[in-house]
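*Asks:* This is the structure I want to talk about, given as structure tokens.
The values are calculated or read from the model by the stated rules, or taken from the named source; none is laboratory data. All values derive from a computational prediction rather than experimental measurement. As a convention, Cβ positions derive from the backbone with ideal geometry for all residues, glycine included, and neighbour counts pool all protein chains shown.
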Amino acid sequence: MNLILQGSAELALIEKLAAPARPARIEAIHPHAWRCVDADHSPEIRKRIDAACLDARVDATFIEAGLRLSDFSLLAMDMDSTVITIECIDEIADMQGLKPQVAAITEAAMRGELDFAASLIRRVALLEGLDAGALQKVYDERLRLSPGAEDLIAAAHAAGVKTLLVSGGFTFFTDRVRQRLNLDYSHANVLEIIDGKLSGKVTGGIVDADEKKRTVERVCATLGVPSSRAIVMGDGANDLKMMGVAGLSVAYRAKPVVRAEADVALNFSGLDGILPLLAQ
């Protein structure tokens, strides 16, 4: 196993953080990334390094030596607070003057404290009567890509890896982000609009944790590969099931329950923090 450390840190700090793993050597592989070769990796060592790195604002990942991006066939990503920096439903609610109420429900659902489908129905119901033009306003004025998104997608495409955006959010936004980033697939909830206004309902099935998992498996089946050839990224509890079937699961600036389960936790790096982990 190698230990990859990423962050704005001097070599002396990197050597100190890596010391419990007793690596054979430390190599600079990027201006802000180091590979600690042949690192010891017991659960206790990982725990010590993770805690120290979190305090130092450095991302630490133990990963199999020689693993390549091209070893995977699919990069599947959550949208809200992963590929983009906002929770779209919270920003839509802000147009109704209801952001604090909706954001509190969103946060609890992402921590795994509420059933996702039930929480979505509650939140969408609060949007009833809002002019549908608010969706475009949120997209134009508030939606921003997370750092490193474009570099990650470009690297995936260059390696022949297909890309999927799978979201418990809404197709209004996933369709636009898919086009913007030239992604291969997307799947999300459909907001019902009647006479130019939100009805307070979604149409069709809800994209919850189970549906996210099924979507990853369906796309992998379409590609003719097992889900172990997928990299899956997310931040909330509703991403855990799809992360669980992946060959490599990545928690991006995620809730503690998600970081604890993931193979990789990017707490400070951008989305392209995956790239130093995998040979190109």
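*Asks:* I need the full set of residues from the range 12-34 which are farther than 21 Å from Leu54 by Cβ and part of a strand (DSSP E or B), in order please.
*Replies:* Arg25, Glu27, Ala28, Ile29
Every residue, every condition in (1) part of a helix (DSSP H, G or I); (2) under 23 Å from Val177 (Cα atoms), yes or no:
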{"residue": "Cys36", "(1), (2)": "no, no"}
{"residue": "His41", "(1), (2)": "no, no"}
{"residue": "Arg48", "(1), (2)": "yes, no"}
{"residue": "Ala51", "(1), (2)": "yes, no"}
{"residue": "Thr61", "(1), (2)": "no, no"}
{"residue": "Ile89", "(1), (2)": "yes, yes"}
{"residue": "Glu113", "(1), (2)": "no, no"}
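*Asks:* Also: Which of the helices (runs of 4 or more DSSP H) contained wholly in the range 120-229 include at least 3 residues that are more than 21 Å from Leu240 (Cα to Cα)? Spell out the reasoning first.
*Replies:* Values: elements: 133-141, 149-158, 171-181, 209-223.
In the range 120-229, 133-141, 149-158, 171-181 are the helices (runs of 4 or more DSSP H) which contain 3 or more residues that are more than 21 Å from Leu240 (Cα to Cα).
*Asks:* Then there's this: Could you identify the single residue in Phe116, Phe173 that is among the aromatic types (Phe, Trp, Tyr), under 20 Å from the mean Cα position of the chain (by Cα) and at pLDDT below 95?
*Replies:* Only one candidate passes the filter, namely Phe116.
*Asks:* I'd like to verify a number: residues in the range 202-224 that are touching a residue at least 40 places away in the same chain (Cβ under 8 Å) and under 25 Å from Ser119 (Cα atoms), how many? Let's see the steps before the verdict.
*Replies:* Looking only at the range 202-224, we keep the residues that are touching a residue at least 40 places away in the same chain (Cβ under 8 Å), and these are 202, 206-209, 212, 215-216, 219-220, 223.
Those still in the list that are under 25 Å from Ser119 (Cα atoms) too: 202, 206-209, 212, 215-216.
Residues in the range 202-224 being touching a residue at least 40 places away in the same chain (Cβ under 8 Å) and under 25 Å from Ser119 (Cα atoms): 8 in total.
*Asks:* Can you find, within the range 194-237, the residue that is surrounded by the most Cβ atoms within 10 Å (Cβ to Cβ) among those that are hydrophobic (A, V, I, L, M, F, W, C) and under 20 Å from Glu87 (Cβ atoms)?
*Replies:* Per the stated criteria, the residue is Val232.
*Asks:* Continuing with this model, one more query. Is there any pair with a first residue in the range 176-191 that is free of Cβ contacts under 8 Å to residues at least 24 places away in the same chain and crowded, with 20+ Cβ neighbours inside 10 Å and a second that is of a type outside the set (A, V, I, L, M) and not in a strand (DSSP E or B) whose Cβ atoms are under 6 Å apart and which are 6 or more apart or on different chains, and what are they?
*Replies:* The qualifying pairs are Ser186/Thr174; Ser186/Arg178.
*Asks:* Given the conditions (1) touching an Asp or Glu at 6+ places or on another chain (Cβ under 9 Å); (2) part of a helix (DSSP H, G or I); (3) among the hydroxyl-bearing types (Ser, Thr, Tyr), which single one is not true for Ser70?
*Replies:* With respect to (1) touching an Asp or Glu at 6+ places or on another chain (Cβ under 9 Å); (2) part of a helix (DSSP H, G or I); (3) among the hydroxyl-bearing types (Ser, Thr, Tyr), Ser70 is out only on (1).
*Asks:* If you don't mind, there's one more thing I want to ask. Among Ile49, Ile45, which is the only one that is surrounded by 21 or more Cβ atoms within 10 Å (Cβ to Cβ), under 21 Å from Asn2 (Cβ atoms) and modelled with pLDDT of 95 or more?
*Replies:* None of the other options fit; the residue is Ile49.
*Asks:* Quick one: would you say Ala254 is of a type outside the set (Val, Ile, Thr), closer than 25 Å to Arg144 by Cα and part of a loop (DSSP other than H, G, I, E, B)?
*Replies:* Yes.
*Asks:* Filter the range 238-274 down to residues that are among the hydrophobic types (A, V, I, L, M, F, W, C) and surrounded by fewer than 22 Cβ atoms within 10 Å (Cβ to Cβ) and give me whichever is farthest from Val58 (Cα to Cα). Explain how you work it out, then say what you get.
*Replies:* Residues of the range 238-274 that are among the hydrophobic types (A, V, I, L, M, F, W, C), as a first pass: 240, 242-243, 245-246, 248, 250-251, 254, 257-258, 260, 262, 264-266, 268, 271, 274.
Okay, now just the ones that are also surrounded by fewer than 22 Cβ atoms within 10 Å (Cβ to Cβ), so 245, 257, 260, 268.
Values: Val245: 27, Val257: 19, Ala260: 16, Phe268: 7 Å.
If we take residues in the range 238-274 being among the hydrophobic types (A, V, I, L, M, F, W, C) and surrounded by fewer than 22 Cβ atoms within 10 Å (Cβ to Cβ), then Val245 is farthest from Val58 (Cα to Cα).
*Asks:* Does Glu87 satisfy the criteria of being at pLDDT below 95, closer than 17 Å to Asp175 by Cα and out of contact with any Cys (no Cβ under 9 Å at 6 or more places or on another chain)?
*Replies:* Criteria met by Glu87.
*Asks:* Quick check on Asp80: is it assigned to a helix (DSSP H, G or I), farther than 18 Å from Leu277 by Cα, touching a residue at least 12 places away in the same chain (Cβ under 8 Å) and in contact with a helix residue (DSSP H, G or I) (Cβ under 7 Å, 6 or more places away or on another chain)?
*Replies:* Answer is yes for this residue.
*Asks:* When you go through Cys53, Cys36 one by one, which is the residue that is touching a strand residue (DSSP E or B) at 6+ places or on another chain (Cβ under 6 Å) and closer than 15 Å to Ala265 by Cα? Break it down stepwise before answering.
*Replies:* Values: Cys36 fails: closer than 15 Å to Ala265 by Cα.
Result of the check over Cys53, Cys36: Cys53.
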